[in-house]
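The structure appears below as structure tokens.
The values are calculated or read from the model by the stated rules, or taken from the named source; none is laboratory data. Remember, predicted model here, so these are calculated numbers, not experimental data. Using ideal geometry, Cβ is built from the backbone for each residue, glycine included, and neighbour counts are taken over all protein chains shown.
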Amino acid sequence: MENEVKYKRNKKKRKNKKRSRLIIPICAAVVVVCAGVGAYFYYDYSNRVYSNCVVELGGSVTAADFLRNSNKSAEFTPGTVISTEHAGVYTVGIQSDGYTYECTLEVDDTTAPELKVHELTRTKEEIPAVKDFIDEVSDLSGEVNVYFGTGISFDNYGDIPVTIVAEDASGNRTEADTVLHLVEEYDIVPPVIEGQLDKTVYVGESVSFKNGVVVTDNIDTDLEVQVDSSQVNLNEPGEYTVIYTATDSMGNMDLKEGVITVIEQLYTEDEVFALADEVLDEIITDDMSDYDKAHAIYVWIQGHMGYSESTDRGDWLKGAYDGLKNRHGDCYNYFAVSKALLTRAGIKNEDIEIIPTATRHHYWNVIDCGEGWRHFDTTPRVDKTFKGFYLTDEELMAYSDMHYHSHNYDREIYTYFNDDQEQ
């Protein structure tokens, strides 16, 4: 009986021992599986990286752009080639903290091509190609297809609307409208550049090269003058050449040279205008019209300045300062003082001078009080009967013709009165 009890106890121990041996491997396996699954989810793309990154064509992208944690560093895998020059979807490898991730880079092209066109003049015997209308066309992709947006009719002479289309490989489109001038004969007449090609500017100031410069053509309208000012140094006193060009739709071109004179500034506008304001405070009232203000300025200069030879030339601020301070000077000082007073009084005015000769030079102003341009010459003349206030061009030219061309100015430079003369 005792032996039977011992047998049963030993049998039970053997069963428990066998069960223990089975549980240990199973637990170990469970731990390993759980650790692997935990690691997987911990380092899963959704937790560590963005699976997809979108960049515009031609843009820049780094490996760190794919990381959700901006404080982490990353780099592309050695086999990854990054280029945003062509639209498409690319697979890239990202390495960060010892782990490698496979992601997608999407390069999108949503930018339309750039397109500039010009007008053309042709006869019915010559059909223009689309490239003949194009000045510039470009796109980030480098591939642009250009074509006519509408058909061109050659049934009638005149101005024919034309639409040019530029389309890139991604379907982005740019349209530009222009005009085909259909004529019976070719235009061989070049455009004409006129106006104030020569300008004076102070050191360090900017200059509007096209201001006062106009271009006209027998066929084309709204032609734009091109300016080559590459030789101009506005920070260094001196004389610099500027090239003005204008080309019509048939390729006829005009070329003119101008001189930009850069000078040191001896007096500031504030200094000159302070002296001018002192005068205006004495002679101008708020109820005056521009005409009345201009007349008051003319009368004051005639009665308060005396004529004397001066070396002031080219620097109107100096000429005005000297004239207002000393109350005398030559025609340049009279012109400069007039310019300062007219400007401060709010009267539209411009400069003008005669075609110089070896022995003669003369400067004066033109003003616009709302009735068109009028001559404004305050310089006293030997001929005491001359009054240079508010003269039409016809009136001044009649006087000039009778007095040795005293005001013979270049109408290609000063175009203020050209429209009046054409009418």
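Kindly establish whether residue 338 is outside any helix (DSSP H, G or I) and either buried (at least 18 other Cβ atoms within 10 Å of the Cβ) or not β-branched (Val, Ile, Thr) (or both). No, not satisfied. Within region 403-415, residues that are closer than 8 Å to residue 194 by Cα have Cβ atoms under 7 Å from residues that are aromatic (Phe, Trp, Tyr) in no pair, counting only partners at least 6 apart in sequence or on another chain.
Among the residues of region 89-104, are any in a loop (DSSP other than H, G, I, E, B) and hydrophobic (A, V, I, L, M, F, W, C)? No - not one qualifying residue is present in region 89-104. For residues in region 280-301 being in contact with a Lys or Arg (Cβ under 9 Å, 6 or more places away or on another chain) and part of a helix (DSSP H, G or I), which is surrounded by the most Cβ atoms within 10 Å (Cβ to Cβ)? My answer is 294. If we scan region 179-193, do we find a residue that is surrounded by fewer than 18 Cβ atoms within 10 Å (Cβ to Cβ) and without any contact (Cβ under 8 Å) to a residue 24 or more places away in the chain? No, region 179-193 contains no residue that is surrounded by fewer than 18 Cβ atoms within 10 Å (Cβ to Cβ) and without any contact (Cβ under 8 Å) to a residue 24 or more places away in the chain.
Between 390, 321, the distinction of being out of contact with any strand residue (DSSP E or B) (no Cβ under 9 Å at 6 or more places or on another chain), at pLDDT 95 or above and either assigned by TED's automatic domain parsing to the domain that holds residue 277 or of a type in the set (S, T, N, Q) (or both) belongs to 321 only. A residue that is part of a loop (DSSP other than H, G, I, E, B), closer than 26 Å to residue 379 by Cβ and over 31 Å from the mean Cα position of the chain (by Cα) cannot be found anywhere in region 194-210. The single condition among (1) modelled with pLDDT under 95; (2) surrounded by 15 or more Cβ atoms within 10 Å (Cβ to Cβ) that residue 232 does not satisfy is (1).
Inspection of region 106-114 finds no residue satisfying the criterion of being touching a residue at least 40 places away in the same chain (Cβ under 8 Å) and within 21 Å of residue 152 (Cβ to Cβ). Among all positions in region 88-97, there is at least one residue which is touching a Gly at 6+ places or on another chain (Cβ under 7 Å), surrounded by 14 or more Cβ atoms within 10 Å (Cβ to Cβ) and modelled with pLDDT of 90 or more. I'd like the full set of residues that are exposed (fewer than 15 other Cβ atoms within 10 Å of the Cβ) and not in a loop (DSSP other than H, G, I, E, B), limited to region 57-87. The answer is 75, and nothing else.
Within region 341-360, the residues that satisfy the criterion of being of a type outside the set (Ser, Thr, Tyr) and part of a helix (DSSP H, G or I) are 341, 342, 344. Across region 373-386, the qualifying residues are those that are part of a loop (DSSP other than H, G, I, E, B) and modelled with pLDDT of 95 or more, and the one among them that is farthest from residue 308 (Cα to Cα) is 378. Within region 181-193, the set of residues being modelled with pLDDT of 90 or more and either assigned to a strand (DSSP E or B) or farther than 29 Å from residue 155 by Cβ (or both) comprises 190, 192, 193.
Pull up region 115-152, narrow it to residues that are part of a loop (DSSP other than H, G, I, E, B) and among the hydroxyl-bearing types (Ser, Thr, Tyr), then point me to the one that is farthest from residue 166 (Cα to Cα). So, considering only residues that are part of a loop (DSSP other than H, G, I, E, B) and among the hydroxyl-bearing types (Ser, Thr, Tyr), the one farthest from residue 166 (Cα to Cα) is 123. Residues in region 211-226 that are in contact with a Phe, Trp or Tyr (Cβ under 9 Å, 6 or more places away or on another chain) and outside any loop (DSSP other than H, G, I, E, B): 213, 215, 226. Restricting region 149-167 to residues that are of a type in the set (Asp, Glu) and modelled with pLDDT under 90, the residue that is nearest to residue 219 (Cα to Cα) is 159.
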